[in-house]
There are 2 protein chains.
Amino acid sequence: MVEDEAPIRDMLCFVLEQNGYQPHTAGDYDSALNQLMEPYPDLVLLDWMLPGGSGIQIAKKMKQHELTRNIPIIMITARGEEEDKVRGLEVGADDYVTKPFSPKELMARIKAVIRRVAPTSLDEVIDVQGLKLDPVSHRVTSNDEPLEMGPTEFRLLHFFMTHPERVYSREQLLDHVWGTNVYVEDRTVDVHIRRLRKAISLHGHDALVQTVRGSGYRFSVK
Amino acid sequence: MVEDEAPIRDMLCFVLEQNGYQPHTAGDYDSALNQLMEPYPDLVLLDWMLPGGSGIQIAKKMKQHELTRNIPIIMITARGEEEDKVRGLEVGADDYVTKPFSPKELMARIKAVIRRVAPTSLDEVIDVQGLKLDPVSHRVTSNDEPLEMGPTEFRLLHFFMTHPERVYSREQLLDHVWGTNVYVEDRTVDVHIRRLRKAISLHGHDALVQTVRGSGYRFSVK
DNA sequence: CATTTGCGTGACATTTTCGTGAAGCTTTTC
DNA sequence: GAAAAGCTTCACGAAAATGTCACGCAAATG
């Protein structure tokens, strides 16, 4: 949370902790950028009205660097500051709340953004019915037997396992797994889906990658 | 979407369809007003710079009539036209975007407006008497038992469940579920209605899809 | 009650979509 | 710098989905 006024910081911290989050705060530009890498946040609450107008600077910096580009941003604007909203959304903020806002509204937006962007937390071993993926060691096992796959298949599986129970079109998968602004044919996804299925088919785990005809693919336990 | 320039219309249509919306377009005042009632839109994207300054006229007309008063409006303005923005918000626009705008910004605003106006019905599981539809995972269950159906039947059911207790003619259903400018026979709807009923008949949920003789179909709990 | 109108239903041809193997090219590895 | 591995595209066949029609039944009409 980047917010220069201490009372508001405290209030927000209280609300966030009440809801099970672990807020880290920053009051100015430098402090905010320092905390981007350590501790790496799941979401940034960014006050747009920082002294010196540095809110937009922070957002821009985040979008420039690979590691912080995908951290979702919710910006906090004052009512009526329409220009700020426009610029914020242009820069890539995912959502915004307008001061004054109710804690309930803020929580709803945080949950919505996190659910959309990163349903599962990072850097922990993900286990779905014995199919385990370790983002740190870059290993995948099926009932503790090691599996082999290419880099793209690994990223694809990682994305799927952190975003389960949700349909993604081929273009969305290209955006999330390949990266934005990559000109690759839609159907290329099919081939990697096939390779991924083949790679994790050992104990029938290929059934987790499901085709949703006309829409895309889904990673699901059901 | 009311926009007089065809290239921009096409671009916006493309973006909207990519994001799962079903845009209907109008290029002028008359065409726009005609489409307000049929097909009844969930949201109006209104270009403020229509020839003859008729953008504001459309907004005024909408606010005068009972049935169109509550349809949210997002207006599209040129950068710097502050007076237009002020007048637009006075007349009752819910939000605005400034040309040129990024697709991401437009989508964020559309979602924000829809969420504010109709908190439910977006990305949430819809449950009608045990018949559940999850727009995110693209799943339908009847008393928690999974149901199978084709893409068209899914879209049809999704439309029905978000617009219950209201009769729709075959042509209206074609507009909303198939999309504009599709030349398909009216009677084709019958067949898909039948397939939908069959698909959700597990626990008698087919009774929710009702025939209104001479008028069309209705999704209703009564 | 006879007729007309509107709707349900099964079948079928066509189109769309997806899985799959192979080939060519690029990147990485040793 | 050569070999291996990986990525992308293409082509083809299989499967699913779609649109249309014909027929029969049921509801409205008068």
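Residues of chain A were split at every exposed loop site, defined as GluC sites (Glu not before Pro) in a DSSP loop with at most 14 other C-beta atoms within 10 angstrom, and the longest piece left, sites excluded, is A:6-65. Taking each DSSP H run with n ≥ 4 as -39500 (n - 2.57) and averaging over every residue of chain B yields -11500 deg cm²/dmol at 222 nm.
Over 22 Å apart at the Cα level, from the set B:K63/B:K104; A:K61/B:K104; B:K60/B:K104; A:K63/A:K99; B:K111/B:K222, are B:K63/B:K104; B:K60/B:K104; A:K63/A:K99; B:K111/B:K222. The ellipsoid equivalent to the alpha-carbon distribution of the protein assembly as shown has semi-axes of 36, 34, 20 angstrom, derived from the gyration tensor eigenvalues as √(5λ) and listed largest first.
What the Cβ-Cβ distance of A:V125 and A:T152 gives, at R0 = 25 Å and to the nearest 0.05, is a FRET efficiency of 0.75. Among the trypsin sites (Lys or Arg not before Pro) within the stretch B:1-69, those in coil by DSSP and having at most 13 neighbouring Cβ atoms inside 10 Å are B:R69.
Any read-out appearing in this document is the output of simple, stated calculations on the displayed coordinates, not a laboratory observation. Remember, it's a predicted structure, so these values are computed and weren't measured experimentally. Using ideal geometry, Cβ is built from the backbone for each residue, glycine included, and neighbour counts are taken over all protein chains shown.
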